[in-house]
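Comments concern the structure below.
The values are calculated or read from the model by the stated rules, or taken from the named source; none is laboratory data. From a predicted model like this one, the values you see are computed outputs, not experimental measurements. Note that we place each Cβ from the backbone using ideal geometry, even for glycine, and neighbour counts take in every protein chain shown. These accessible areas exclude ligands, DNA and RNA; they are computed on the full protein's heavy atoms, side chains included. Shrake-Rupley method; radii C 1.70, N 1.55, O 1.52, S 1.80 Å.
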Amino acid sequence: MKRDTEEQPAGMIDVIDRLAMLGTRYDAAPNFPAESMSALIESGHHRWFAPQASGGEAFQNDSDRCRAMAQALRQVGRGDLSIGRLYEGHVNAMSLFDWYGSPDQHRWLANALDCGAWFGVWATEPSPGVRLTPESTPLLIGEKIFASGAGGLDFALVTAASDGEARRLAIVPANEKSRTDLSGWRVRGMRASVSGRYSLEGMAVEPLMLLGAPGDYDRDPRFTAGAWRFCAAQLGGIEALVSEIRRSMRDAAREDPMQRGRFADAVVAVRTAGFWVAEAARRFASGHDDAVAIARLTRGIVENAGFIVMEAAARILGTQSTFDGQRADKIIRDLSLYLRQAGPDHARDEAAKALLDHDIWNDGDRLW
């Protein structure tokens, strides 16, 4: 069945509210958010962006698929940014299966999704990194860090290097408690993402569990331009904070022109970020030459929108925005961590280099 990507997915509002309610519980006692993930399974989220051969949605083209994905990521992020982070990893994994999976792997994935399996993508690692041994059935050596969903997800696609070859992806079980170390995940925000350490030491990788060829994962523009996905999830959290500011504004703040101005600035910031996320998704879908530069700029624009809206929340809501148990406080703490993902200053600098070389905007509307 084809979904109209311009329509709001059925039951999405109920899912957002449920994620927000459950998020308070997982924020207070951080554990893998099983109930929140079950809510997304019930709504069909976990299968929408799988390869069509694995039972995923039938989209007319890549543009429709990315537009629907952006909407889903934004709305899951509105409910709970920790779930947005886990969901972004899952849809990334579904895309990697779609691009690089064999027919046998698509059948395997269909069976896993039938069982409600969740996937992540883990690439961050301490030196010297994760490696594959050269045996016919290779073993993994090393561990992953900041592995979101460690010990709770069913499977992860992990990057691993081998002698003389670029790193590649291996499909591994991600729920083995004996390999999981969450003791260091002591953070103010994004607690339910349980982004801990996961040991891969001695794990055998059968041929079916090697996804794609060496170098496929790092291939641009897909690798770098794919940052638009986590920008969409972050945008959802910022949108939720703007809505919470409006809901919680007292009459005195609503009658104060300075506070109304701050609220207007917050709305402009989040809507501007929304335009850039949509453009980054569109460029990604088309494989545009400047998709990478657009995605890098989008990261900074979403980050700045987050800062503007968090500042507005502090100034408009006052101490109400800092009380434990208040939705605004949780969103602010989550955003404060999530917006730090993967070197935003470096990304902006690389985008600036592209801008100095040429205007990356649309044909017919360039400045140089």
Quiz item: So what J values fall out for region 290-295 if you push phi through Karplus, 6.51 cos²θ - 1.76 cosθ + 1.60 with θ = phi - 60°, rounded to Hz, Gly and Pro as x?
Solution: 9, 4, 5, 5, 4, 4
Exercise. For region 137-292, state the average projected area of the convex hull of the C-alpha atoms over all orientations, rounded to one decimal in nm².
Key: 12.8 nm²
Self-check item: Geometric extent, Cα atoms of the chain - Rg, Dmax (angstrom)
Solution: 20.6, 72
Exercise. Could you point to the residue in Gly77, Ser102, Gly89 farthest towards the positive end of the chain's charge dipole, with +1 and -1 charges on the Cβ of Lys/Arg and Asp/Glu respectively?
Key: Gly77
Quiz item: Using the heavy atoms of the protein chains alone and a 1.4 angstrom probe, what is the accessible area of region 80-129 per residue in square angstrom?
Solution: 32 Å²
Practice problem: On the protein heavy atoms, probe 1.4 angstrom, tell me the percent of accessible surface of the chain carried by carbon and sulfur. | Solution: 51 percent
Exercise. Tell me the label-point distance for the pair Asp14, Arg250, using the 7 Å Cα-to-Cβ offset, in nm and rounded to one decimal.
Key: 3.7 nm
Quiz item: Plugging the Kirkwood radius over Cα pairs into Stokes-Einstein for region 169-232, at a temperature of 25 °C and a viscosity of 0.890 mPa s, what D comes out in µm²/s?
Solution: 167 µm²/s
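Sorted by average packing, counted as other Cβ atoms within 10 angstrom per residue and highest first, what order do 29-40, 289-300 take?
Per-residue Cβ counts within 10 Å, averaged per peptide and sorted highest first, yield 289-300, 29-40.
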Practice problem: Subtracting the Cα-Cα distance from 0.36 nm times the residue separation, let me have the gained length for Arg271 to Glu165 in nm, one decimal. | Solution: 33.8 nm
Quiz prompt | Global size of region 263-354 as Cα Rg and Dmax, reported in angstrom | solution = 15.0, 46
Practice problem: Place a label point 7 angstrom from the Cα of Asp289 along the Cα-to-Cβ direction, then list the residues of region 218-239 whose backbone nitrogen is under 16 Å away. | Solution: 221
Quiz item: Could you give the accessible area per residue of region 288-358, probe 1.4 Å, as a whole number in Å²?
Solution: 47 Å²
Self-check item: Rg/Rh (Cα only; Kirkwood hydrodynamic radius) as it applies to region 105-180
Solution: 0.98
Quiz prompt | In region 307-368, trypsin sites (Lys or Arg not before Pro) in a DSSP loop with at most 12 other beta-carbon atoms within 10 Å | solution = Arg340, Arg366
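Suppose R0 equals 51 Å; then what is the FRET efficiency for Asp349 and Arg260 from their Cβ-Cβ distance, rounded to the nearest 0.05? Mind showing how you got there, number by number?
Numbers: r = 36 Å, r/R0 = 0.70.
Approximately 0.90, to the nearest 0.05.
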